[in-house]
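Asker: Before I ask anything, let me first share the structure, which is written out below as structure tokens.
The values are calculated or read from the model by the stated rules, or taken from the named source; none is laboratory data. Nothing here was measured: the structure is a model prediction, and the numbers come from that model. Counting neighbours? That spans all protein chains shown, and the Cβs are built from the backbone with ideal geometry, glycine included.
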Amino acid sequence: MHIMEGYLPASHAIGWYAVSAPFFVAGALKIRKIVAERPEARMTLAASGAFAFVLSALKIPSVTGSCSHPTGTGLGAIIFGPSVMAVLGVIVLLFQALLLAHGGLTTLGANAFSMAIVGPWVAWGIWKLGRGVGLSVAFSVFFAAMLGDLATYVTTALQLALAYPDPASGFIGAAVKFGSIFAFTQVPLAIVEGLLTVIVMDALAGKVPDDQKLRILAGEAR
Amino acid sequence: MSIASLDRIASTGRWRNRPLAEKALIGLGFLILAVTLPPWPGAVFVTAAMLAVTFGLARVSVKLWLAIAALPLGFLIPGSLVLLVQLGPEGIGLAPGGAQEAALLVLRALAATTCLIFLATTTPAADLVAGLRRFGLPSEIVEIALLMYRFVFILAEEATAMTVAQRARLGHSTRARWLRSTGQVIAALLPRAMARARRLEVGLAARGWQGEMRVLSDRARASWLSLGAILAAQAAVAILGMLL
């Protein structure tokens with residue numbers, strides 16, 4: 001869920017930029033190191049980012065409305081790792097603002113925090129946790145993608161509540177308000193995206209006959 | 001709106017060859033004014049100025065503009081209606097001053113959105129990203145962003161072709177099939193993207209690529225006169241917005 005251009009007051013916009021900046025810088029340093037060691041990784045990273053962007057423009061059926069689009073947060077985090085996803089995610093968000101008028105420039109910091117930082121880290125954490133406790137790949141992928149999406153949506157609702165607290169019940173009340181109004185679209189979307197990501201990982205697993213390719217998919221870009 | 005449509009508008013538009021500095025100053029300058037000035041009347045002036053520039057000078061089609069603006073408005077409507085109600089100990093009620101707060105929010109968000117759409121419809125995203133170098137973004141990141149930009153349209157076209165092929169074969173006939181088809185598109189797209197990246201890299205390496213794309217830019221440089229005029233207009237909007 002992208003916060004639109006101009007929705008957040010200037011102080012919040014700047015604040016979220018400041019919160020997201022360290023993650024972006026850490027990811028950028030990591031990419032700089034990867035690129036210095038292997039210049040060809042630029043291409044892989046660029047193709048991965050473009051893939052994430054195109055993925056977010058595909059239409060998927062949604063339970064409530066006519067259709068919606070996946071975020072790709074969970075898939076990206078599982079395949080590329082969360083620290084690289086922070087940078088790729090910010091670039092994807094920038095292109096979404098400039099090519100689709102989706103999201104915005106003043107709200108880029110806030111959107112980056114929910115979609116390129118919280119979502120991927122949660123998805124990656126759940127994926128590792130799921131595999132760690134012996135859950136099957138399909139279940140781990142499902143929960144990683146679904147909870148990654150839900151974490152993004154909850155973060156966005158909290159960001160909105162922080163900017164516009166309820167006159168009677170303050171921050172908590174506003175969080176409930178924003179959370180419930182967008183829940184109609186976001187909760188079904190998270191479940192659909194979880195299922196979708198399972199289908200994708202399943203199909204991808206069938207496409208990697210040799211170790212070489214598996215290594216590419218599992219972490220060359222990490 | 002497909003992925004390429006806004007970029008096509010920007011690349012074929014009347015302001016395509018205006019200096020980047022001018023367009024960036026107009027779009028970003030007014031964007032800053034839109035979020036910092038008091039929404040009434042500041043944001044109204046910003047909206048009026050941006051619409052005049054977008055339609056009057058850059059000659060963006062009104063129909064296209066409305067199609068682009070539909071998406072952010074889909075967020076704005078529920079996002080502003082929320083401010084009308086409050087959750088108190090007695091349950092849900094109308095918020096005191098909620099209508100005013102919602103109206104101010106709508107004004108500010110609309111003003112900012114006109115600035116974003118101005119930038120998006122007059123300046124190809126690649127120009128703007130290339131311009132980020134001047135703001136001190138590391139060249140590695142800018143290069144990756146520009147390469148990504150080149151990949152986006154190729155992959156989008158592949159994804160569209162796959163989706164069309166699936167639809168023609170009843171791939172979207174039920175919700176479950178639709179979801180499965182989309183999953184298959186994504187799964188087919190990733191290895192193709194990686195293979196394309198590898199081919200491009202091999203081709204460039206054979207030509208002695210050192211990891212930097214140098215391209216000739218023949219864009220006109222911004223004149224101090226026009227930059228000054230833009231700044232003067234923005235100062236006027238800022239003063240009017242604060243005084244009135």
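Asker: Listed residues A:Ala112, A:Ala101, A:Ala97; which is over 14 Å from A:Ala50 (Cα atoms), more than 12 Å from every other protein chain (Cβ to nearest Cβ) and modelled with pLDDT of 85 or more?
Answerer: Just a single option satisfies the conditions, and that option is A:Ala112.
Asker: Of all residues in the range B:150-176, which are surrounded by 20 or more Cβ atoms within 10 Å (Cβ to Cβ) and within 7 Å of chain A (Cβ to nearest Cβ)?
Answerer: Passing the criteria: B:Phe151, B:Val152, B:Leu155, B:Ala156, B:Ala159.
Asker: May I pose another question? Kindly indicate which of B:Val85, B:Val44, B:Val35 is over 27 Å from B:Leu155 (Cβ atoms) and crowded, with 21+ Cβ neighbours inside 10 Å.
Answerer: That would be B:Val35, the only listed residue that is over 27 Å from B:Leu155 (Cβ atoms) and crowded, with 21+ Cβ neighbours inside 10 Å.
Asker: Would you mind finding the one in A:Ala18, A:Ala50 that is part of a helix (DSSP H, G or I) and surrounded by fewer than 23 Cβ atoms within 10 Å (Cβ to Cβ)?
Answerer: Exactly one of A:Ala18, A:Ala50 is part of a helix (DSSP H, G or I) and surrounded by fewer than 23 Cβ atoms within 10 Å (Cβ to Cβ), namely A:Ala18.
Asker: Picking from A:Ala123, A:Ala138, which residue would you name as being at pLDDT 90 or above and of a type outside the set (Ser, Thr, Tyr)?
Answerer: Going through A:Ala123, A:Ala138 in turn, just one is at pLDDT 90 or above and of a type outside the set (Ser, Thr, Tyr): A:Ala123.
Asker: Taking into account only those residues within the range B:123-139 that are more than 25 Å from B:Arg14 (Cβ to Cβ) and free of Cβ contacts under 8 Å to residues at least 24 places away in the same chain, which is farthest from the other protein chains (Cβ to nearest Cβ)?
Answerer: B:Arg133
Asker: Could you tell me whether B:Leu116 is in contact with a Leu (Cβ under 8 Å, 6 or more places away or on another chain) and more than 8 Å from chain A (Cβ to nearest Cβ)?
Answerer: No; evaluated as a whole, the condition is false for this residue.
Asker: Taking B:Leu28, is it assigned to a helix (DSSP H, G or I), within 9 Å of chain A (Cβ to nearest Cβ), out of contact with any Ser or Thr (no Cβ under 8 Å at 6 or more places or on another chain) and surrounded by fewer than 16 Cβ atoms within 10 Å (Cβ to Cβ)?
Answerer: In short, no.
Asker: Working carefully through the options B:Leu200, B:Leu179, find the one that is at pLDDT below 90, within 7 Å of another protein chain (Cβ to nearest Cβ) and farther than 19 Å from A:Leu204 by Cα.
Answerer: B:Leu200
Asker: Of all residues in the range B:48-94 being within 12 Å of chain A (Cβ to nearest Cβ) and in contact (Cβ under 8 Å) with a residue 60 or more places away in the chain, which is nearest to the chain's Cα centre (by Cα)?
Answerer: B:Ile68
A quick yes/no check of all residues on (1) assigned to a helix (DSSP H, G or I); (2) of a type in the set (D, E, K, R); (3) touching a residue at least 40 places away in the same chain (Cβ under 8 Å):
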| residue | (1), (2), (3) |
| --- | --- |
| B:Leu104 | yes, no, yes |
| B:Ala111 | yes, no, yes |
| B:Cys115 | yes, no, yes |
| B:Thr121 | yes, no, yes |
| B:Tyr149 | yes, no, no |
| B:Ala156 | yes, no, yes |
| B:Met162 | yes, no, no |
| B:Arg167 | yes, yes, no |
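Asker: A further question on this structure: crowded, with 17+ Cβ neighbours inside 10 Å, touching a residue at least 24 places away in the same chain (Cβ under 8 Å) and either outside any loop (DSSP other than H, G, I, E, B) or within 28 Å of the chain's Cα centre (by Cα) (or both): which single residue out of B:Ala187, B:Ala197, B:Ala220, B:Ala233 fits that description?
Answerer: Answer to the check: B:Ala197.
Asker: Also, I was wondering about something else. Residues to consider are A:Val92, A:Val25; find the one that is touching a residue at least 40 places away in the same chain (Cβ under 8 Å), out of contact with any Leu (no Cβ under 7 Å at 6 or more places or on another chain), of a type outside the set (D, E, K, R) and not in a loop (DSSP other than H, G, I, E, B).
Answerer: A:Val92
Asker: OK, next. Determine whether the range B:211-224 contains at least one residue that is in the same structural domain as B:Leu31 (by TED's automatic domain parsing) and modelled with pLDDT of 85 or more.
Answerer: Yes, the conditions are met somewhere in the range B:211-224.
Asker: For the subset of the range A:126-143 comprising residues that are free of Cβ contacts under 8 Å to residues at least 60 places away in the same chain and either among the β-branched types (Val, Ile, Thr) or in contact with a Pro (Cβ under 8 Å, 6 or more places away or on another chain) (or both), which member is farthest from A:Gly74 (Cα to Cα)?
Answerer: A:Val133
Asker: For the range A:53-72, enumerate the residues that are at pLDDT below 80, in contact with a helix residue (DSSP H, G or I) (Cβ under 8 Å, 6 or more places away or on another chain) and not in a loop (DSSP other than H, G, I, E, B).
Answerer: A:Ile60, A:Pro61, A:Ser68 - these are the residues of the range A:53-72 that are at pLDDT below 80, in contact with a helix residue (DSSP H, G or I) (Cβ under 8 Å, 6 or more places away or on another chain) and not in a loop (DSSP other than H, G, I, E, B).
Asker: So which of A:Gly74, A:Gly15, A:Gly6 ends up being under 16 Å from the mean Cα position of the chain (by Cα) and not polar (S, T, N, Q)?
Answerer: The conditions single out A:Gly74.
Asker: Right, here's the next one. Right, A:Leu195: hydrophobic (A, V, I, L, M, F, W, C) and in contact (Cβ under 8 Å) with a residue 40 or more places away in the chain or not?
Answerer: Yes, satisfied.
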